[in-house]
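This report concerns only the one structure given below.
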């Protein structure tokens, strides 16, 4: 007869309750680069990390003093650790990001916004190509991609400017093929109606050339071309054409005056961080051709107390390598503080982009102004975010007093049921917590 302690259930419980043998594990651990995964007693992954020296890095979690409280909480839950040895640090970085993306460990920094960036797409139509909004970059259909832009609003704004100045069509191919008369865009002077042959392929191609130069940040060259064309038209007594060139020049100069940042040129992603009250805000400013295309704000979730350099290192790894689509990697990634593993990150970005890419802190001139702009945005965005949370909390207090509740509500689920004469019933639910709407639920 098996005893009670020999039952399979008790054996499993004994296995789960067995403490992690730190000394034996660390003694046999290699000093080569690689990735480590920490698990709890139930076999759930807690944390994924990379290391140049696995033995030194993993040992640092088990020192007797100097650990942050959140790191101590992580260590107290560790039941086992698995490691994967890699041939280089760069390989370890890429493997780490793939594992974070697939496993989503609770103690790693996790980006909630994994949507692909929007682009402007130049179609491959032989005579009359279009410029349209696209989200995510694909290889289907050929054509040329411009971007990425930080938001759909930035793409729409750029397309609006292009239509005003160069009158490039933005309709779909099926709509273009089936037109028999000009659409409203022609009537409001935002298209030259190539669908019905109101402009020759040669003239349209010239407008498209200027539009692509605008997207590449070559505004001075466009102005010079338009001024030369205006003078030529005037000499040939083509005054209507000269007036059209004049209007384009005026529009383009007006756009240049509205540019908040325009200087020495170049492509860069400018990253800044602000931290307060247990909340981290990271702002990314995208600069292409010396022009700021816009900003994107992130509030990554993190469970281990880390320095700003460590937080940025984890963020940049996920930002460039952890998403569903690879983001465009510029020659410069500007940061306000020294990033942990900065040389390794630069090397990985260089290999992925196929050209030199640097993660830099010490910059001057225009790049320094971009970095200061990003830091200002990060601080202001964080303050606004915290103020918004305080507003939500005050509303919860008011609700508690109004309903005479014994405690302040921490979660609310609101349901709405609709139907048509008792049929076609549809239910919806929205959820709120202490921070406001909880869209994931």
Original post:
Could you say whether any residue in the stretch 378-400 is assigned to a loop (DSSP other than H, G, I, E, B) and out of contact with any helix residue (DSSP H, G or I) (no Cβ under 8 Å at 6 or more places or on another chain)?
Top reply: no
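Considering only the stretch 414-441, state which residues are under 22 Å from residue 301 (Cβ atoms) and assigned to a strand (DSSP E or B). Please lay out each step first, then the result.
Initial filter on the stretch 414-441 (under 22 Å from residue 301 (Cβ atoms)): 430-441.
Within the stretch 414-441, 430, 431, 432, 433, 436, 437 qualify.
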Original post:
Which condition breaks for residue 191 when tested against (1) over 22 Å from residue 222 (Cβ atoms); (2) in a loop (DSSP other than H, G, I, E, B)?
Top reply: (1)
Subject >> Filtered residue count, the stretch 411-426, keeping only those that are surrounded by 10 or more Cβ atoms within 10 Å (Cβ to Cβ) and closer than 24 Å to residue 437 by Cβ >> reply: 3
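With over 18 Å from residue 126 (Cα atoms) and without any contact (Cβ under 8 Å) to a residue 12 or more places away in the chain as the only criterion, which of 160, 178 stands out?
On the way: 178 fails: over 18 Å from residue 126 (Cα atoms).
Matching residue, one of 160, 178: 160.
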Original post:
So which residues in the stretch 34-86 are under 28 Å from the mean Cα position of the chain (by Cα) and in a strand (DSSP E or B), if there are any at all?
Top reply: 34, 35, 36, 37, 38, 45, 46, 47, 48, 49, 50, 51
Original post:
For the stretch 207-230, how many residues are part of a helix (DSSP H, G or I) and out of contact with any helix residue (DSSP H, G or I) (no Cβ under 8 Å at 6 or more places or on another chain)?
Top reply: 5
**OP:** Kindly list the number of the only condition in (1) modelled with pLDDT under 80; (2) in the same structural domain as residue 200 (by TED's automatic domain parsing); (3) in contact with a helix residue (DSSP H, G or I) (Cβ under 8 Å, 6 or more places away or on another chain) that fails for residue 148.
**Re:** (3)
**OP:** Select from the stretch 263-290 the residues that are farther than 19 Å from residue 353 by Cα and surrounded by fewer than 20 Cβ atoms within 10 Å (Cβ to Cβ) and list them in ascending order.
**Re:** 263, 264, 265, 275, 276, 277, 278, 279, 290
Subject >> Filtered residue count, the stretch 340-360, keeping only those that are at pLDDT 90 or above, assigned to a loop (DSSP other than H, G, I, E, B) and within 16 Å of residue 313 (Cβ to Cβ) >> reply: 1
Original post:
If you check residue 63 against the conditions, is it surrounded by 11 or more Cβ atoms within 10 Å (Cβ to Cβ) and modelled with pLDDT of 85 or more?
Top reply: no
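In this structure, does residue 233 turn out to be buried (at least 18 other Cβ atoms within 10 Å of the Cβ), more than 20 Å from residue 365 (Cα to Cα) and at pLDDT 75 or above?
Numbers: buried (at least 18 other Cβ atoms within 10 Å of the Cβ): yes; more than 20 Å from residue 365 (Cα to Cα): yes; at pLDDT 75 or above: yes.
Spelling it out, residue 233 is indeed buried (at least 18 other Cβ atoms within 10 Å of the Cβ), more than 20 Å from residue 365 (Cα to Cα) and at pLDDT 75 or above.
Is it true that residue 373 is surrounded by 13 or more Cβ atoms within 10 Å (Cβ to Cβ) and either assigned to a strand (DSSP E or B) or without any contact (Cβ under 8 Å) to a residue 60 or more places away in the chain (or both)?
Values: surrounded by 13 or more Cβ atoms within 10 Å (Cβ to Cβ): yes; either assigned to a strand (DSSP E or B) or without any contact (Cβ under 8 Å) to a residue 60 or more places away in the chain (or both): no.
When the stated conditions are applied, residue 373 does not pass them.
Out of 168, 222, I need the residue that is outside the structural domain of residue 133 (by TED's automatic domain parsing) and surrounded by 16 or more Cβ atoms within 10 Å (Cβ to Cβ). Which one? Steps first, answer last, please.
Values: 168 fails: outside the structural domain of residue 133 (by TED's automatic domain parsing).
Only one candidate qualifies: 222.
The values are calculated or read from the model by the stated rules, or taken from the named source; none is laboratory data. The structure displayed is predicted, hence computed values, not measured ones. Every residue, glycine among them, receives a Cβ derived from its backbone with ideal geometry; neighbour counts consider all protein chains shown.
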